1. Would you check if residue 64 is more than 30 Å from residue 123 (Cα to Cα) and in contact with a helix residue (DSSP H, G or I) (Cβ under 8 Å, 6 or more places away or on another chain)?
2. Which of the residues belonging to region 52-66 are without any contact (Cβ under 8 Å) to a residue 40 or more places away in the chain and buried (at least 16 other Cβ atoms within 10 Å of the Cβ)?
3. If residue 28 satisfies all but one of (1) within 22 Å of residue 117 (Cα to Cα); (2) surrounded by fewer than 22 Cβ atoms within 10 Å (Cβ to Cβ); (3) modelled with pLDDT of 95 or more; (4) touching a helix residue (DSSP H, G or I) at 6+ places or on another chain (Cβ under 8 Å), what's the number of the condition it fails?
4. Output the residues belonging to region 131-153 that are part of a loop (DSSP other than H, G, I, E, B) and either modelled with pLDDT under 95 or out of contact with any helix residue (DSSP H, G or I) (no Cβ under 8 Å at 6 or more places or on another chain) (or both).
5. Just need a number here: residues in region 182-195 that are surrounded by fewer than 16 Cβ atoms within 10 Å (Cβ to Cβ) and at pLDDT 95 or above.
6. Take the conditions in contact with a helix residue (DSSP H, G or I) (Cβ under 9 Å, 6 or more places away or on another chain), modelled with pLDDT under 95 and crowded, with 21+ Cβ neighbours inside 10 Å and apply them to residue 73. Does it pass?
7. Look through region 109-129, keep the residues that are surrounded by fewer than 20 Cβ atoms within 10 Å (Cβ to Cβ) and touching a strand residue (DSSP E or B) at 6+ places or on another chain (Cβ under 7 Å), and return whichever of them is nearest to residue 219 (Cα to Cα).
8. Just to be sure before I move on: is residue 232 more than 14 Å from the chain's Cα centre (by Cα), at pLDDT 95 or above and assigned to a strand (DSSP E or B) in the structure I sent?
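The values are calculated or read from the model by the stated rules, or taken from the named source; none is laboratory data. What you see is a predicted model, and the numbers here were worked out from it, not measured in a lab. FYI the Cβ positions are ideal-geometry reconstructions off the backbone, even for glycines, and counts take in every protein chain you see.
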């Protein structure tokens with residue numbers, strides 16, 4: 001039996017995010033669905049910090065190439081405006097957070113101030129949407145389940161740009177999103193729900209995450225209701241696992257020109 005709106009309103013949900021359109025839509029949906037939502041808004045990681053971290057793992061050539069793709073995708077968002085506006089109008093969304101949602105700025109989801117705010121709010125569930133990784137020590141200190149919205153099907157499309165990689169690897173049936181519990185790894189926690197959809201011709205690397213976010217909204221609510229009702233049933237997949245990163249700029253352009261996968 002699903003929890004009623006009154007039951008949900010007595011147990012807050014904390015959404016942790018670094019901001020942006022995708023988490024804004026998630027919060028709007030949760031408010032419409034009757035959840036008592038608090039937003040903890042962290043400072044976004046700088047591109048230099050991200051690039052240095054990737055360089056340690058993948059080398060500077062790959063890290064700089066990935067930075068180039070991220071910058072190109074940001075510039076190309078203007079080309080995506082028509083598609084974005086179409087999706088927002090189709091699903092009756094706005095570009096700003098609801099006025100009645102408390103917003104708590106924090107430096108990082110891993111900061112002591114974040115733990116103090118969580119203790120003060122007393123949520124029944126925490127949802128991560130577009131944040132840095134939560135440190136193992138911080139995760140262990142959380143008083144309730146921590147769930148992540150991941151724009152990819154786990155475990156083969158962990159990390160970043162999972163929708164893009166599913167298309168690039170001739171696996172369009174797995175163009176989708178996953179709700180999963182957060183553990184110490186990167187998108188390695190048990191899967192709660194999955195959803196799959198299909199991009200349209202007007203979609204590309206700058207619109208895939210928005211498309212997947214909208215497709216996942218129902219399972220976001222379902223996961224949080226399960227958490228609030230102590231009904232979580234995570235599943236561990238035995239499928240091959242791969243951690244994904246943005247493609248390098250030259251690889252992305254090559255694939256776009258030769259295969260029309262942008």
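1. Values: more than 30 Å from residue 123 (Cα to Cα): yes; in contact with a helix residue (DSSP H, G or I) (Cβ under 8 Å, 6 or more places away or on another chain): yes.
The answer is yes for residue 64.
2. The answer is 55, 63.
3. All conditions are met except number (4).
4. Initial filter on region 131-153 (part of a loop (DSSP other than H, G, I, E, B)): 131-135, 142-145, 151-153.
131, 132, 133, 134, 135, listed by residue number.
5. Here the count works out to 1.
6. Working: in contact with a helix residue (DSSP H, G or I) (Cβ under 9 Å, 6 or more places away or on another chain): yes; modelled with pLDDT under 95: yes; crowded, with 21+ Cβ neighbours inside 10 Å: yes.
Taking the combined requirement at face value, the residue satisfies it.
7. 121
8. Values: more than 14 Å from the chain's Cα centre (by Cα): yes; at pLDDT 95 or above: yes; assigned to a strand (DSSP E or B): no.
Against the criterion (more than 14 Å from the chain's Cα centre (by Cα), at pLDDT 95 or above and assigned to a strand (DSSP E or B)), residue 232 does not qualify.
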